Every structure is written in C-alpha cells, then in structure tokens.
Ligand code: ADE
C-alpha cells in the first residue's frame with residue numbers, strides 16, 4: 001500500500017517508517033511513503049505557505065495555491081487515490097474505517113497546520129475528512145501517523161504470522177486477553193496455571209473467556225454492539241462467577 005502525505009513537516013511522518021512493524025514492512029516493500037511539502041510548491045521568494053485570515057483574528061491559514069499544487073502533484077504521481085484531510089471535524093477513525101482504507105492501494109493524507117487550511121481547498125481537493133478523536137492537535141501529522149499505523153496493520157503481510165493472530169482478537173470485536181512472560185511469579189502475582197500446562201485447546205478457551213470478561217467489564221458498549229454466541233455467553237457467565245462480578 002502506498003501512502004502519500006502532504007505536510008510541511010515531512011521528517012515528522014517519515015520517522016514512522018523507520019521503526020518496528022512499519023519499518024520492516026517498508027523495507028519489504030509492502031508499504032510505501034511519499035511526502036509532498038507545500039513549501040516546495042510555493043512560487044514566491046519567501047516560499048510562503050500561510051497568510052493572515054480574512055476578517056482578522058489570531059493565527060495563520062494555509063494558502064490554497066501551494067497546498068493545491070502539492071496535492072495535484074501527488075495525485076498525478078501514481079494511480080488514483082482519495083485525498084483524506086485530517087481534522088477533528090471528520091469521521092472518527094475506528095477499526096471499520098481502518099479496515100476499509102486497508103483495502104485501498106493508495107491514499108493521500110493531507111495534514112493541516114496553524115489555525116487550519118483555506119476552506120476552498122476542502123471544496124476543491126478533499127474527498128474525505130477523518131478525525132482521530134475529540135481533541136485538537138497542533139497539526140494533522142500525528143493524526144496521519146495514527147491512521148497509517150492502524151491501517152497498515154490490516155494490510156495483508158504487514159504483520160507477521162504470530163502478530164496477526166493477536167490482531168484477530170480485536171478484529172473479533174473484543175478487547176485482547178491478558179499476556180504474561182517469565183518469570184512465573186512477580187511480587188506474589190502468579191501466571192495463570194492454564195498457560196503453563198501446555199493444553200493448547202484449554203489455553204485458547206481461557207484466552208477467549210478472558211477477552212469476553214475484560215470487554216464486558218471495560219467496554220460493555222463493544223459487547224452490546226457485537227453480541228455473543230451461546231457458547232460465549234456461557235464462557236462469560238463462567239468468567240463472572242470466577243471474578244464474583
Ligand atoms: N488535526 C488536529 N486535530 C486533529 C484530530 N483530533 N484528528 C485528526 N486531525 C486533527
């Protein structure tokens with residue numbers, strides 16, 4: 001999958017592809033990042049990318065021409081792709097949105113800075129608006145990084161086999177089960193015995209039960225939305241008995 005990011009701070013988003021899962025996937029050629037800096041498309045001597053808002057008030061607004069030229073250059077560089085503007089006004093990112101984007105070959109992410117971008121850019125060039133939550137960031141870069149990470153994990157082959165098994169837990173609409181590694185006891189807290197027993201079916205059942213119990217306790221809204229099979233209802237009842245909950 002190819003991500004094109006329109007940003008005044010390309011170095012900020014490039015670091016995402018230098019580490020961990022994203023770094024490996026980029027190295028393997030499964031992910032590609034291309035950045036486009038509006039400053040490179042500003043034609044005046046000072047390479048101006050922002051200006052004062054009409055009507056007055058504090059802050060600066062990103063200008064149409066350099067940003068639009070950067071978007072158009074990005075559009076023309078490869079196959080057609082939607083332009084997604086990161087803004088708190090957009091649809092909230094969740095697993096479903098990320099899954100939809102992971103099916104695309106390419107997306108163009110537009111990052112705003114300062115007080116915003118000229119409204120006409122949205123009318124002329126933006127296909128979708130996306131938010132990562134109900135708070136305001138200083139710019140779209142962090143949001144774009146969150147979107148790329150969440151989407152890339154759902155692109156086939158980006159996660160290794162072992163990692164994608166863990167991914168299944170959340171894509172099943174449940175929170176993850178608890179995880180433990182050595183040593184067996186820490187400050188009097190022991191690893192659950194079933195995980196030490198080597199019975200793979202029992203482990204799988206325990207993990208499923210824990211995922212149900214945790215989701216029920218911490219995010220009942222997720223469980224409500226998703227529903228449960230008869231078997232899962234029995235597992236949850238079992239978990240609640242054990243936890244006196
Ligand atoms: N830009 C600024 N705040 C944002 C947010 N919450 N989500 C997406 N883009 C943003």
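All of the numbers you see were taken from the coordinates with simple rules; none came from a lab. All values derive from a computational prediction rather than experimental measurement. Neighbour counts run over all protein chains shown; Cβ positions are idealised from the backbone, glycine included.
Taking the longest Cα principal axis of the chain as reference, the axis of helix 200-218 is set at about 60 degrees.
Length, then width, then depth: along the principal axes, the Cα atoms of the range 49-156 run 48, 33, 18 Å.
Set the Förster radius R0 to 51 Å, insert the Cβ-Cβ distance between residue 179 and residue 136 as r into 1/(1 + (r/R0)^6), and round the FRET efficiency to 0.05.
Details: r = 34 Å, r/R0 = 0.66.
So the FRET efficiency works out to roughly 0.90.
Modelled label positions at residue 164 and residue 28, each set 7 Å beyond Cα in the direction of Cβ, lie 0.8 nm from each other.
Remark: spin-label model distance residue 222-residue 91 equals 2.1 nm, labels positioned 7 Å along the Cα→Cβ axis. Against the empirical 2.2 N^0.38 Å (N residues), the chain has a Cα radius of gyration ratio of 1.28. Here each label is just a point 7 Å from Cα along the line to Cβ, and for residue 124 and residue 105 those points are 2.8 nm apart.
For the range 77-220, what is the percent of antiparallel DSSP beta bridges, rounded to the nearest 5? Within the range 77-220, antiparallel bridges account for around 20 percent of the total. Against the chain, whose longest principal axis comes from its Cα atoms, helix 230-242 is set at around 70 degrees.
Out of the DSSP beta bridges found with both residues in the range 1-126, what percent are antiparallel (nearest 5)? The partial results should precede the final answer.
Values: 2 of 17 bridges.
So the antiparallel bridges in the range 1-126 amount to around 10 percent.
Which shape class, rounded, prolate or oblate, goes with the range 156-245 when its Cα gyration tensor gives a ≥ b ≥ c as root eigenvalues, a/c under 1.5 marks rounded, and past that a/b bigger than b/c marks prolate? Oblate shape, in that a/c is at least 1.5 and b/c is the bigger or equal ratio. For the chain, the longest principal axis of the alpha carbon atoms and the long axis of helix 64-77 meet at an angle near 60°. DSSP bridge analysis restricted to the chain gives an antiparallel fraction near 15%, rounded to the nearest 5. Descending by average beta-carbon neighbour count within 10 Å, the peptides 126-134, 197-205, 2-10 line up as 2-10, 126-134, 197-205, the highest first.
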